[in-house]
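Encoded as structure tokens, the structure appears first; notes follow it.
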Amino acid sequence: MQHLHIDGLKLTVPYLYLPYRRQCFHYRRAVPKDLQHHYSQRVILKSLATGNKAEAALACLKLNNHIEQEFTRLRAGLDKMSTVASFRAAKQHQYCSGEQKLALEALNNAFRPPASDYPSLYISTRQKDHDRKFKSKANAAMAFLLAALPDKAPADYTRSEVNTLLSHHQAAGKLSPTSIDRHLRTLRAMFNAVSLEFDLTKDREHVFINLHFPQLETLDETDRQEFSQEQQQKLRTIFNATRQKSTAMLMMGLLMDTGLRMNEACGLRWEDVYLEDPCPYISIQRNPFRRLKTKHSRRYIPLAGMAYKALVVLREQSEAPEWVFQQFIDVDRQTTRNDAASKEINRLLRQLLGPECPTSYGFRHAFTTRLRNNDCPKESIELLGGWTKSVSGRYGSVQVLDKLRSYLHE
């Protein structure tokens, strides 16, 4: 480990090593005990080919990331280097003889990475290296696949194997039908994107393209708990009676009367809040810290009841000029902290309603049910929920917003 001073900044770089009386920095790291049988030495020592502090620090961090991936692959029972890395390394060599060139062409035509290589390629192809949720989703889908099937090229899987995969997870009972279907969709998207990007013609036609399982059509939404009228009324009473409202309670009020998704609420900016308008509303827009679930999620939602009161209180208390819920923003990763927000609100709900109460996602269902019970047209329900295919230019007008707000009465 080296402590570097670069232009007034003090940096601590792990595994960076400067040998005695040498001017060239090295990467030095002990191999974990459980992986030592994969290496000829117990210590990995590699020259970084530079004596420049800044360059050495960057090279060391990059190499360490590669070593970490290598350790992860070995612990998962995979090869030290992925087939993709091996193939790229082979292509970088300079082949002189005609036989070597023919061998490389044959390798190029036969190159078919196994399924386990697809998540990293998919993440790179979609440029989502810093999107924790996207990476988690891709890796979870691959773990779902390899839990029951061998690791091989996508086109080598058969329909009977996929049925076996499905039966395995249904019998285990750990995943809902919707979760199983979500993993299958992710696998399909991953295989499609990577095979197209890397011109893997043999794996473009795989069994995951046209899968249809009637038994998976029962969605989780039909089983998820929804807040009863009594529970909602109790929450409203507590909200109105509480003088010093916590951030979780204010978020709860916003969710209940807007039907926002958690990431939409966490990523709300003050520039998207219009409290002084004749008909107060919020504008749900994409921003660098928050992606929207679909391109149809862009919308305007009139403010009423607890949602309006919550934002008024938040405006008075806010010390952050940009974000409504600053504590649920991860500035370093440039994303929203949805899980943290859900945990806080769910903890509050259990305190107020008991351990068997619905989760915060139930507010979205309750909001939709309220609109339906108030005879709100289907088109307006889709607009407010973010499911419609377009946002009308009229939708942001005071008259339309005021009409939509009339459907939000309790």
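The values are calculated or read from the model by the stated rules, or taken from the named source; none is laboratory data. Not measured: the values here are computed from a predicted model. Neighbour counts run over all protein chains shown; Cβ positions are idealised from the backbone, glycine included.
Brief remarks follow.
- For segment 12-33, the criterion of being surrounded by 10 or more Cβ atoms within 10 Å (Cβ to Cβ), at pLDDT 90 or above, part of a loop (DSSP other than H, G, I, E, B) and of a type outside the set (A, V, I, L, M, F, W, C) is satisfied by at least one residue.
- Out of R182, R188, R224, R236, sole residue that is outside any loop (DSSP other than H, G, I, E, B), modelled with pLDDT under 90 and basic (K, R): R182
- Take the conditions (1) outside the structural domain of Y118 (by TED's automatic domain parsing); (2) at pLDDT below 90; D203 misses just one of them, which is (1).
- Qualifying residue in segment 56-72 (condition: over 25 Å from S120 (Cβ atoms), at pLDDT 80 or above and of a type in the set (A, V, I, L, M)): yes
- Any hit, segment 159-169, residues being at pLDDT below 90, basic (K, R) and outside any helix (DSSP H, G or I): no
- Scanning segment 152-170 for residues that are surrounded by 15 or more Cβ atoms within 10 Å (Cβ to Cβ) and within 19 Å of S120 (Cα to Cα) gives A153, P154, A155.
- Test for D131: is it touching a residue at least 60 places away in the same chain (Cβ under 8 Å) and either outside the structural domain of S195 (by TED's automatic domain parsing) or over 19 Å from the mean Cα position of the chain (by Cα) (or both): no
- So Q334, is it out of contact with any Phe, Trp or Tyr (no Cβ under 7 Å at 6 or more places or on another chain), over 24 Å from L404 (Cα atoms) and surrounded by fewer than 20 Cβ atoms within 10 Å (Cβ to Cβ): no
- Residue list for segment 10-44, filter: touching a residue at least 24 places away in the same chain (Cβ under 8 Å), of a type in the set (A, V, I, L, M) and within 22 Å of T72 (Cβ to Cβ): V13, L16, L35
- Count of segment 169-185 residues which are in contact with an Asp or Glu (Cβ under 6 Å, 6 or more places away or on another chain) and within 24 Å of H206 (Cα to Cα): 1
- Identification of helices (runs of 4 or more DSSP H) wholly contained in segment 88-150 with 3 or more residues that are of a type outside the set (G, A, S), surrounded by 12 or more Cβ atoms within 10 Å (Cβ to Cβ) and at pLDDT 85 or above yields 118-125, 132-146.
- Answer residue from segment 304-330, given it is in contact (Cβ under 8 Å) with a residue 60 or more places away in the chain and in contact with a Ser or Thr (Cβ under 7 Å, 6 or more places away or on another chain) and is surrounded by the fewest Cβ atoms within 10 Å (Cβ to Cβ) among those: Q327
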